[in-house]
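The values are calculated or read from the model by the stated rules, or taken from the named source; none is laboratory data. Fair warning: this is a prediction, and the values are worked out from it, not measured in the lab. Don't worry about glycine lacking a Cβ; one is built from the backbone with ideal geometry, like all the others, and counts go over all protein chains shown.
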Amino acid sequence: MLRRIKVSGHSLSPDFEEGDFVVTVKIPLFLRFLKRGDIVVFTQPLYGTLIKRVEWVDTAREQVFVVGSHAHSVDSRQFGPVPGRSLIGKVIWHIRSPRNHAV
Amino acid sequence: MFYKLFETLDRRFGTQTAKAHCDVPCGIYDPITAQIAALTVVRMIDLMTDLESKPERGLAYTNSMSRYIAVKEEHAEKAKHDVRVIWGDYLKAQHLEKYPNAHALVHKIMGLGSKSRQSVDRDAAVQLVEALNEFAQIFWETKSVATKRAKAPYAPALELVYPAL
């Protein structure tokens with residue numbers, strides 16, 4: 001299933017900036033297709049909908065460990081691995097804001 | 001071109017937002033503030049003991065003793081406060097699974113902190129420093145940061161657990 005999502009915040013800067021759009025996809029047996037470095041969107045009980053980079057995937061427990069690009073990023077280092085059921089999808093298309101990314 | 005299309009869709013239908021969330025400056029946690037506060041408590045007890053051993057009494061004595069007591073009170077409470085913040089805001093379920101004694105340790109620190117306020121029991125204050133070292137050890141392990149033990153480079157020169165950076 002495809003989803004259209006807008007990025008806010010700077011924890012994945014400079015790759016993803018405030019105002020960028022992404023398109024995500026989620027398919028059956030989704031976790032098997034995820035790998036380190038993929039960007040995923042997911043829901044987290046405390047912080048809402050987040051976008052982070054996959055650090056590792058645990059297919060046995062159906063969870064992924066996610067991180068941001070900055071030391072102050074709020075990610076799995078604080079809230080632990082993300083259950084597979086909380087994943088909204090993997091980013092397959094990144095539409096950069098012309099305001100953030102000079103061509 | 002695509003950005004304009006997505007921007008138009010966003011204006012027309014709205015878009016779910018995903019936060020690339022940062023936690024500045026609240027993501028800065030470090031047990032060293034509590035450890036130094038506990039060292040200060042020991043130092044104040046030493047200064048009080050030293051002052052009490054001298055024969056002089058009077059306004060200057062009362063002033064100094066009052067100040068030592070006030071600083072001891074303040075720093076014992078600060079040690080307790082700073083540990084409560086790390087325990088409540090930083091330590092998460094997965095940390096507590098790995099360190100199941102963390103709750104008991106924090107409770108012990110609260111008790112030793114209170115005893116350090118109520119009394120001039122140096123042993124209790126030293127135990128507070130050591131309990132905080134144990135807490136610091138757990139804290140840095142949760143961040144996969146190696147630690148070292150070294151004597152603080154100032155009186156009372158007790159050993160503290162530091163990150164080995």
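Points to keep in mind about this one:
- Only one of the listed residues (A:37, A:9) is modelled with pLDDT under 90 and at positive phi. That residue is A:9.
- Test: residue in the range B:65-74 that is among the β-branched types (Val, Ile, Thr), assigned to a helix (DSSP H, G or I), in contact (Cβ under 8 Å) with a residue 40 or more places away in the chain and surrounded by 13 or more Cβ atoms within 10 Å (Cβ to Cβ): no
- For the range B:106-123, taking the residues that are among the aliphatic types (A, V, I, L, M) and surrounded by fewer than 22 Cβ atoms within 10 Å (Cβ to Cβ), the one that is farthest from residue B:30 (Cα to Cα) is identified as B:120.
- Scanning the range A:67-88 for residues that are under 11 Å from the mean Cα position of the chain (by Cα), within 16 Å of residue A:36 (Cα to Cα) and surrounded by fewer than 21 Cβ atoms within 10 Å (Cβ to Cβ) yields a total of 1.
- In the range A:12-45, the residue that is surrounded by the most Cβ atoms within 10 Å (Cβ to Cβ) out of those that are in contact with a Lys or Arg (Cβ under 8 Å, 6 or more places away or on another chain), within 14 Å of residue B:17 (Cα to Cα) and facing chain B (nearest Cβ under 7 Å) is A:41.
- Subset tally (residues that are in contact (Cβ under 8 Å) with a residue 12 or more places away in the chain and more than 9 Å from every other protein chain (Cβ to nearest Cβ)) for the range A:46-75: 15
- Taken as a whole, the structure places residue B:95 among residues that are assigned to a helix (DSSP H, G or I), within 10 Å of chain A (Cβ to nearest Cβ) and in contact with a helix residue (DSSP H, G or I) (Cβ under 8 Å, 6 or more places away or on another chain).
- Subset of the range A:17-45 [free of Cβ contacts under 8 Å to residues at least 40 places away in the same chain and small (Gly, Ala, Ser)]: A:37
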